Every structure is written in C-alpha cells, then in structure tokens.
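Before I ask anything, here is the structure I am working with.
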Amino acid sequence: MPAIFSLDPLFLGDAGNLEILAIVLAKVVIAFAGLMVSVMLMVWWERKFISDLQNRIGPNRAGPFGILQTLADGIKLFFKEDLIPDQSDRFVFKLAPYLSLVPAFLVFAVVPIGGDFSNGGDGLISVFGNDTYVQLADPHIGILFVLAMSSIAVYGIMLAGWSSGSKYPLLGSVRASAQMVSYEAALGLALVAVLLKTGSLSTTTIVREQAGEGPEFLGLFPMPDWNVIVLGVVPFIIFFIATTAELNRPPFDLVEAEQEIVGGFHTEYSSIRFALFFLAEFMNVVTMSAVMVTLFFGGPAGPDLGVLPAALWGFVWFFAKLFVFLCLFIGLRGTLPRLRYDQLMDLGWKLLIPLALGWVLFLATLDVFSDRGWTSGGERLVVTGVFLAAMLVFAGLLMVAISNGKKARERDGEEVFG
Amino acid sequence: MEAIVFFVSAAIILAGGLGVIVLRNPVHAALSLVATLFGVAVLFIDMEAYFLAAVQVIVYAGAIVVLFLFVIMLVGVDKAEDIYAEPIIKQRQFAALAAAGMLILVALVGVAFAGDVTGQPSNEDMTISRAIENPDGTTTPAETSNINQLAEALFTDYVFAFEITALLLTIAVVGAVVLARRPKGDLQPLPDVEPSWALRKPRAVTPTEATDPSAGDDADQDPDETTVDQAATDGAETDEAKA
C-alpha cells in the first residue's frame, strides 16, 4: 500500500489490505455518525441555550428536555413538498446543497478526535494490533485541506443563490461569497502563525507539539503548551473572528439578514434541500470549532487523570474543549447585534489582515533571533520593544491613509459611514 | 493503483475541459472548469506533489473560479443565449483552425521527442520525498515532506524571482484599483467609437439584461464604470430603500 494516502502508520505497517480496509471503514462510520449526532445535539443545545439567554423555555416536547426536537424537525422537512422554482437552473439548483454539505463533512476527516497524548504519548491507539491515529486521515497537506475545503464551501452558497433565479437569493450569495473570500485571507494568515511554531502541516503533529507543559504562569504553576498561549492570544482571536465570518454566524450573518434580503441564498429552498443547507451550516460550526481546538487548544491532548483508560481521556478532553467553543458561538449569537456590511469589510481588510500579517512578522522575528541564540530576557525585551514601535508606526500610517480616504470620499459627495 | 487514479482523473479533466467549451451556459462552463482543476489536483496527489494539489484547490478552484462566477453573475451574461454574439466575424472558423494547428504541433513534438515529451526529471533530491524502504521490507514515512523542500527552494535559490512576482502582483492590484475608481463628478458616457474589427455589432442590451433586476438598478450609471463591490452595495441599498 503506497504512502500517498497519509502519514498514518496504519498504511506502513504489516497489516493486510483487508484489515486496513476494515479499520478505515470503521473510522468512516464512526466519524460520520459522531458528526451527525453532535450536529443533532448542537442544534438542540443551541435552541435550548439561547432560550435560556432570552428567558424562555425553548423546545421541551419531543423527548426529555426536548432533545429529540432536531429529529422531529428532520422528519418534518423530509415529508414537506420539494419546490423547484420555475426560473431556476434546475441542475445547479439541485447540486448546490450537496456542494455545501460535502466540504463540511470532509473537514472533520483530518481532525484528531482522540488518542493518548499524555506523558509524551504520540496519539496512536492500537486496533487489533495495528497502530493508528484516531482520525480518519492524516494527509501530508494536513491543515491546508481545511483551507481548501472552506474555500470550496463558497460554491454551495454562491450557486444556490444564483440558480434560484430570483433577486434576494442572488444578493445573499454575492454577499456570502465576498465575505468568505475576504476573510479567508485573515484565516490563512492566522494559520501561518501556528505553522511557524509547529513546522508541520500535519494535524497530529500540531496536537503533539501542544501536549505537555508549557511556560509557567507568573512562576507559580505550569500552563499547558497550547498555541493560544505560546503564540500570544492574537492569532487565535483573529482566527476565531475570521471563522465566525466564514461560517456566516452572528454577528456576521449578513448572508441571511432577514430584514433586508428575506432568507438570503436559501430563500427559494424548501423541504430536504433546505434541511441539507441547515445541516451543512451547523456541521460547519462543529467542524470549525474542532479545527480551532486542534490548532490552538491542544486537541485531544490533556493529562491522564486516571479512572478511565488513558486512550479514552483524549476523547473526553477533545469533546470538553469542543463544547466550550460551541457554547461560545451560541453566546455570540445571543448577545451581539449584526454588523453593517461596510463594517464587516472594514474589520476584515483594514484591521484583521494587517494585524495578522504584523503578528506573523513578530513571531518570525522572535524565531530568527532565537536561532541566533539571542534568547535572554533582556534581548527579547529589546526585540519586542523595537518591533512594537515599528508596528505602531505602520498602524498609524494605515489609520492616516484610511481616514484620508474617507475624507476624500466625503468631499466627493459620497455617503460615508462609520 | 497509480494507473487507476491517473485514468479516472484524466477522464475527469478531459470531460471538464470539453464541458468548458461545449456547454452553452457560462456558469455551467465555469463549473466544468472546477471539475478540470480538481482532476489536476488529484493528479498532483498521485504524483506525490501534495502541496501543489492543495494550492491548486485553494487558489484556482477556491479563489479564481469564484471570481469568474462573481463576474459572470454580476455582469449578467449568465444566460445561455448571450453566447451567440460573435464580436469577431468568422471567429468560430478561426478557432477551429487554430485548434487543429495546435493539435498538429503537439503531435509533431510528440513524434520528434517520443517518450520524452515531459522533459528531464529535475534533481532527485529536489523533487519529491519518498518513503524509505527498510531492508526487512517495511517502510519508514518520509520525514520532511516536499513542502519543506519547496519552501527552501523558493526562499533561497529563487527568492529574487519570488519577490519580483509578489511586486508584480501588487502592481496589478494597484492598477486594478486605479482603473476601477470612479472619476470625480458625474459619470461621463464612454466615447462611442466603433472598433475597426467589429464588423458585426453585438446587441446593445440583451433581453436578459433588460429584465434582470440587478442589472436594472445600475441603469442610470455606465455599467463599465461600476465595480463589482459597488454593484453589490448599490443593489443592497436600493433594496433597503424599497423595504
């Protein structure tokens, strides 16, 4: 079996082809089922949690605490009439929901969801004597696969809006694609910071590098070696904001701003096709949260606290971290008002991208200086000081340029917001 | 295994390529182009050029064709009938002639350099890293992927070319912004000069443009002067006004 598939030792050991096939199939089923169940629970939990924030009860009829509500909604959507608008491009109209669902599924394939990383473990588990990672695939391009899939996800939304053959969906999809293409840049630059530190694209390696103990907190106790701490919090915040925009989640949900453009790109969709978009949206929230956990919060890495077997603690830590992120997304939806479109674009292009670029330069500078052996506290302080001064100058120039542009547009009689 | 992957992806590439020129609807043609690019990405993976495959999908499928679609949708040529306009007379015949000529040329080159048409493989340690085969039959995964080698080449031997390319792209972006800027004051209509080669004038307003609401919003402006994002915000503003 050639190694073109991935870095997983499963393909390099002496396991027979049939054995490999069985293990990979089992992984596919587990990843698929796990994702579906977590999406189902996520939809329910989002409705429950946001009801709590808004002082109401939320779904409470189907099953205990209404936990089966998503299932009931799914069955309802299945049996609704499937409408295809007269003006639509029928082939593309039918294709679009799958184009947004498939990338959402595929991203989950490269996320390590378990494995024993405690005490220098390498995250391998043994299945019938074959060592393998607890993730569907560990391709050579690793995290770039996530970027590739998130750039493919634009197609589903864009084509859905266009093929509907109506005005509001087209406006929604144009908004969506402009937004997603813009924030992809900030997303990629925040990712570069992680790759600078890890030196590898493989998600397993990224997690392994974060296992163990990191810098001390004020000399009192060691903090975990998570990228969010080691890289400074800035890349994580940029990645988080860019992800929220990429997912079209509130406060960046201008794509489906119902006061302005009805339902946005899926206005004309009904029945199961609408359900597929809905599913893809929530699936994207779960998978991108999982990617953030992997990149910045050590993924399944965490201490082995006993009681359970060591291999199971990986799952526990991973899902605990994932849950925190899901709650964070719901909290944002419950508390923040929607941005205006020009504010959205300003935030992406004029703040996040320059900041991400500057931070990557900073980390690279520190890297070069530690390569030269200038690692003492004083030297680092000097580097940081000089760097911060330079960055402040650049930031000032950028601000001056932006405000000059605004003034010029105002002088020309254009309406300028913000 | 590699042969199977090659034939499947080659079939996808050819089908996509044919679709680009055969399909009447520009959006369908752009989607065929995406299929072609994906096939090429799979071929790259088959040849262990993982990074190129990722870049192929991220840059070409994820950004460039998205921009194509953007323009197609906003300019309003997204209906099949517009393709019948023939700005250069007899262009179809010329295209067929050129295609035949290219085919003959490729065939000649193929005969002349039989078996060696793709050129010399570059330096072995610069190309792809292979898994190391141990004496006992097992293999160890290659430690450094070709990404590291690619990066090393880009930032040492070819750093000058790399930076110059970056500068060129920046200049192109600045140029595009300058061209797309609206001049001060009221918009002037473009001078109505007939190009000498346009013997048959294309229709000024196609039926789709007349009925397309998003194109109608900008009817008071010169469509050539409206940039992509301006058109988007203009549309959104008029919608709010109507609501």
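A short reminder: the numbers here are calculations on the coordinates, not readings from a lab. Every value quoted in this text rests on a predicted model; they were computed, and no experiment measured them. Virtual Cβ from ideal backbone geometry, glycine too; neighbours counted across all protein chains shown.
Would you mind ranking B:Met1, A:Met180 so that the residue whose beta carbon has the fewest other beta carbons within 10 Å leads the list?
B:Met1, A:Met180
Let me ask something additional. Applying the Karplus parametrisation 6.51 cos²θ - 1.76 cosθ + 1.60 with θ = phi - 60° to the phi angles of the range A:232-249, what ³J(HN,Hα) value in whole Hz is obtained for each residue in order, glycine and proline being reported as x?
Coupling constants for the range A:232-249: x, 6, 4, x, 5, 5, 4, 4, 5, 5, 5, 5, 4, 5, 5, 7, 6, 8 Hz.
Sticking with this structure for a sec: In a GNM of chain A with a 10 Å cut-off on Cα contacts, which of A:Gly165, A:Gly405, A:Gly34 has the highest mean-square fluctuation?
Ranking A:Gly165, A:Gly405, A:Gly34 by mean-square fluctuation puts A:Gly405 first.
Using modelled backbone amide H atoms (1.01 Å from N, in-plane), which distant-in-sequence or interchain residues come within less than 5 Å of A:Gly214's amide H?
Hits under the 5 Å cutoff: A:Met223, A:Asp225.
Pulled fully out, how much extra length does the chain show between A:Gln259 and A:Leu397, if you take 0.36 nm times their separation in residues and subtract their Cα-Cα distance?
Length gained, A:Gln259 through A:Leu397: 45.9 nm.
Averaged over peptide B:56-66, how many Cβ atoms belonging to another chain are found within 10 Å of each residue's Cβ?
So the per-residue partner count for this stretch is 5.
Just counting partner chain Cβ atoms within 10 Å, what average do the residues of peptide A:88-100 show around their Cβ?
1
Amide H of A:Leu124 versus every other amide H placed in the peptide plane: which residues, excluding those fewer than 5 positions away on the same chain, fall under 5 Å?
The list, which skips near neighbours in sequence, is A:Asp116.
Give me a comma-separated list of calculated 3J(HN,Hα) values for the range A:138-153, in order, Karplus coefficients 6.51, -1.76, 1.60 applied at θ = phi - 60°, integers in Hz, x for any Gly or Pro.
Here the 3J(HN,Hα) series is 10, x, 4, 7, x, 6, 5, 4, 5, 4, 4, 5, 6, 7, 6, 4 Hz.
Which pairs break 31 Å Cα to Cα here: A:Lys48/A:Lys76; A:Lys27/A:Lys94; A:Lys197/A:Lys407?
Over 31 Å Cα-Cα: A:Lys197/A:Lys407.
Next question. Could you list A:Leu189, A:Leu68, A:Leu295, A:Leu398 in order of exposure, starting from the residue whose Cβ has the fewest other Cβ atoms within 10 Å?
Taking fewest neighbouring Cβ atoms as first place, the list is A:Leu398, A:Leu68, A:Leu189, A:Leu295.
To continue, here is another question. Kindly put A:Met292, A:Met158, B:Met102, B:Met73 in sequence by how many other C-beta atoms sit within 10 Å of each C-beta, fewest to most.
Ranked by crowding around the Cβ, least crowded first: B:Met102, A:Met292, B:Met73, A:Met158.
Further question on the same structure: Please compute the average number of Cβ atoms from other chains found within 10 Å of each residue's Cβ in peptide A:209-216.
Whole-number average of other-chain Cβ neighbours for A:209-216 is 0.
Can you list residues whose amide H is under 5 Å from A:Asn130's amide H, if they're 5+ apart or on another chain and H is modeled 1.01 Å from N?
Counting only residues 5 or more places away or on other chains, the set is empty.
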